[in-house]
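Novice: Pasting a structure below so you can have a look.
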Amino acid sequence: MADRSSVSQLFAPPARVSDGSFYPSHGSYEKMYAQSLENPEAFWGSQAEVQIDWFHQFTQVSDCDLASGMVAWFLGGKLNVCHNCVDRHLSIRGDKVAILWEGDEPGDVRKITYRELHREVCRLANVLRHNGIRKGDRVAIYMPMIPEAAFAMLACARIGAVHSVVFAGFSAEALRDRIQDARCKAVITADEGRRGKKTIPLKRPVDEAVMACPTVEHVFMVRHTESKVPFYEPRDIDLGEAMKNERPYCPVEHMDSEDTLFLLYTSGSTGKPKGISHTSAGYLLYAMLTHRYVFDYREDDVFACVADIGWITGHSYVVYGPLANGATTVMFESIPTYPDAGRYWDMVERHRITQFYTAPTAIRAIARLGDEFVKRYDRSSLRVLGSVGEPINPESWNWYYNVVGEGRCNIVDTWWQTETGGIMITPLPGATHTKPGSATFPFFGIVPVLLDDQGNEIEGNGVSGLLAIKSPWPSMARTIQGDHRRFAQTYLDPFPGYYLTGDGCRRDEDGYYWITGRVDDVINVSGHRMGTAEVESALVSHPGCAEAAVVGFPHEIKGQGIFAYVILKEGFDADAELIGELRNEVRTHIGPIAVPDQILITPGLPKTRSGKIMRRILRKIASQETGELGDISTLADPSVVELLIEKRKGL
Ligand code: ATP
Ligand code: MG
């Protein structure tokens, strides 16, 4: 099979990014990386001492044994994550903007300083305390992207309650399952959310969900759209009113390093959502360090991660990482296409945003609408452009780099997972020469390895295998809520001594890492194993292809055949000629073996709410086994499934 990376371009870090960056050359990264592996205890221990404000210093850096499921960091230490994100900045950054909120309407802006943040978080924490929420209690947060959502997360951290943020686009049923699984004692919500002029009901689905959740004692509601919604006293509490009755001071709970900070259910691309559990010190340290070095964060920057707080990206890079570093973090309530496809860049211009972090799905969605929407705005403030969530096709990477970044910005394609807590494989601005489509190299202290099916490490370069992590790191998940056995079975038991990621990966001739897709999605054509990402990228390199999703389906001769779902750009027709061209694109980029047996042109694809393609469903449709589609509660638009089933019949 042709190696896509061997023909790919190498981009040196733009001068503007290298100047004054933390790691101004690849050599400086390599030196620090080597140090972090030589003596991990010394590396992580000294980082934790310097970066975290401790109430009581830890006595042991780590106690980990992956084979037995034991992971603990900074043992004996006492800290509070909210104190580290808020209180400790007050003396030096009290008047600095902590949260820069942009609402659904462009220009609807709120700026919250660290001092204001402290007061609001204290008030909210007092409301929770006075309503019986104690250290260790679980609190569900089902909120739109408004500052109160961050206040709520931080207030939980302050009093030692464990938050479980559920994306505010999920159904009542999905919310109910997650509340029940975590046995939440309270829910924090709003009347409604707003996204692109549409209102999203929140209180109503909460009411519906909570009917079947006897553990929930209170529902705290923020009035956001001020529309009339049902309100059941004394269970329901108007959060804004209640906060007015509370002192803007609330002492912090002293937490153990290993006390749980939050639960977060994974996005559900592959099956039943898992309640991933993260603890306090290790998570905080790793979120801070990655935020600083991966985005080359500096004091006067305006940092924008446009992910929803319902995902891990929103936890680590809207809330905890930036605030722990004392940054100004942007919180964005709307969508990338409201009022038009220029919204992101309009915000970049108005707020002088320096780092911008989004997902390939958003990049593809706006790229297909044309470059004019980008060029209309001044993007000269930008230094670093980030991508996360899926492999980014080289086509989209180039668009991001050239059109959005005008060749002046470093692209950081960051590979990580809910379970890893923070970014694991990524370029560092200033240090890393990038290749479009490759997440490049591991972050400090991270040891990625490629394993074969027997669990042997595959040495050398120019090889592919199962991506695993060989040594523990501070922010790795500790367990799955209520099911430690499932945690072990999923990540640790398959190959004792390794954390198994579930993703396939290639290390190219130069040692660059390329995520090839989920292992469950790997296609085996006549004994050749193929990652979905490569075939999809080949299809997307055709000028008429906006997006592609590829799955395997049973094939009499080859074992598995390749089935491609393709979304076309405006102005292209689904005729035989175009289908032929698409096939040809794959033939020239990868080889005849990867040419799709079937191509189905579609206006949409089944995606999770975080924008990831659900290949699990596409596989069933391709093989016409649509009787049992499994859990589709995390799907953004279930109607597309029916459409595809119909179209498949017609092939
Ligand atoms: P579930 O585990 O419930 O199926 P999920 O894996 O989609 O859901 P997340 O933890 O949000 O939930 O996503 C992590 C996954 O996203 C990774 O395992 C990988 O497959 C993909 N991913 C994230 N970032 C990148 C990236 N930069 N390049 C390639 N793939 C990525
Ligand atoms: Mg996953």
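Novice: So which strands (runs of 3 or more DSSP E) are wholly in the range 406-508 and hold at least 2 residues that are surrounded by 24 or more Cβ atoms within 10 Å (Cβ to Cβ) and within 16 Å of ligand 1 (Cβ to nearest atom)? Give the derivation first.
Specialist: Numbers: elements: 410-413, 448-451, 463-469, 499-507.
Ranges flagged: 410-413, 463-469, 499-507.
Novice: Identify all residues within the range 76-104 that are of a type in the set (A, V, I, L, M) and closer than 24 Å to residue 135 by Cα; write none if there are none.
Specialist: Passing the criteria: 79, 81, 86.
Novice: Has the range 491-499 got at least one residue that is hydrophobic (A, V, I, L, M, F, W, C) and away from ligand 2 (no atom under 16 Å from the Cβ)?
Specialist: yes
Novice: Could you list all residues from the range 355-402 that are closer than 23 Å to residue 514 by Cβ and aliphatic (A, V, I, L, M)?
Specialist: Across the range 355-402, the qualifying residues are 359, 362, 363, 367, 384, 385, 388, 392.
Novice: From the list 191, 181, exactly one residue is within 19 Å of residue 243 (Cβ to Cβ) and either touching a strand residue (DSSP E or B) at 6+ places or on another chain (Cβ under 9 Å) or modelled with pLDDT under 95 (or both). Which is it?
Specialist: On the way: 181 fails: within 19 Å of residue 243 (Cβ to Cβ).
The conditions single out 191.
Novice: When you look at residue 331, is it under 23 Å from residue 188 (Cα atoms) and either more than 16 Å from ligand 1 (Cβ to nearest atom) or surrounded by fewer than 23 Cβ atoms within 10 Å (Cβ to Cβ) (or both), yes or no?
Specialist: When the stated conditions are applied, residue 331 passes them.
Novice: Something else about it: Would you mind listing the strands (runs of 3 or more DSSP E) fully within the range 59-106 where at least 1 residues are surrounded by fewer than 22 Cβ atoms within 10 Å (Cβ to Cβ) and in contact with a Leu (Cβ under 9 Å, 6 or more places away or on another chain)?
Specialist: 60-62
Novice: Test of understanding: among 369, 428, 451, which residue is hydrophobic (A, V, I, L, M, F, W, C) and modelled with pLDDT under 95?
Specialist: None of the other options fit; the residue is 369.
Novice: Anything in the range 215-272 that is within 16 Å of ligand 2 (Cβ to nearest atom) and either hydroxyl-bearing (Ser, Thr, Tyr) or in contact with an Asp or Glu (Cβ under 8 Å, 6 or more places away or on another chain) (or both)? List them, or say none.
Specialist: Selection gives 265, 266, 267, 268, 269, 270, 271, 272.
Novice: So is residue 293 crowded, with 24+ Cβ neighbours inside 10 Å and touching a residue at least 12 places away in the same chain (Cβ under 8 Å) or not?
Specialist: No: the conditions fail for residue 293.
Novice: Here is a further query. Tell me, please, whether a residue that is acidic (Asp, Glu) and more than 19 Å from residue 309 (Cβ to Cβ) can be found in the range 223-231.
Specialist: Checked the range 223-231: at least one residue is acidic (Asp, Glu) and more than 19 Å from residue 309 (Cβ to Cβ).
Novice: Another one. What helices (runs of 4 or more DSSP H) lie completely within the range 245-362 and have 2 or more residues being within 14 Å of the chain's Cα centre (by Cα)?
Specialist: 281-294
Novice: Looking only at the range 191-211, which residues are more than 21 Å from residue 132 (Cβ to Cβ) and assigned to a loop (DSSP other than H, G, I, E, B)?
Specialist: Result: 191, 196, 197, 202.
Novice: Buried (at least 24 other Cβ atoms within 10 Å of the Cβ), away from ligand 2 (no atom under 16 Å from the Cβ) and assigned by the TED database to the domain that holds residue 337: which single residue out of 384, 374 fits that description?
Specialist: That would be 384, the only listed residue that is buried (at least 24 other Cβ atoms within 10 Å of the Cβ), away from ligand 2 (no atom under 16 Å from the Cβ) and assigned by the TED database to the domain that holds residue 337.
Novice: List the residue pairs whose Cβ atoms are under 6 Å apart, where the first residue sits in the range 114-131 and is over 12 Å from residue 249 (Cβ atoms), the second is among the acidic types (Asp, Glu) and surrounded by fewer than 24 Cβ atoms within 10 Å (Cβ to Cβ), and the two are 6 or more positions apart or on different chains.
Specialist: Close Cβ pairs satisfying both conditions: 127/246.
Residues are listed down the side, and each one gets a yes or a no for (1) on the phi > 0 side of the Ramachandran plot; (2) more than 24 Å from the chain's Cα centre (by Cα):
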| site | (1), (2) |
| --- | --- |
| 82 | no, no |
| 85 | no, no |
| 88 | no, yes |
| 104 | no, no |
| 111 | no, yes |
| 114 | no, yes |
| 125 | no, yes |
| 128 | no, yes |
| 132 | yes, yes |
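The values are calculated or read from the model by the stated rules, or taken from the named source; none is laboratory data. Here the structure is a predicted model, which means the values were calculated and not measured. Please note: Cβ atoms are built from the backbone with ideal geometry, for glycine as well, and neighbour counts cover all protein chains shown.
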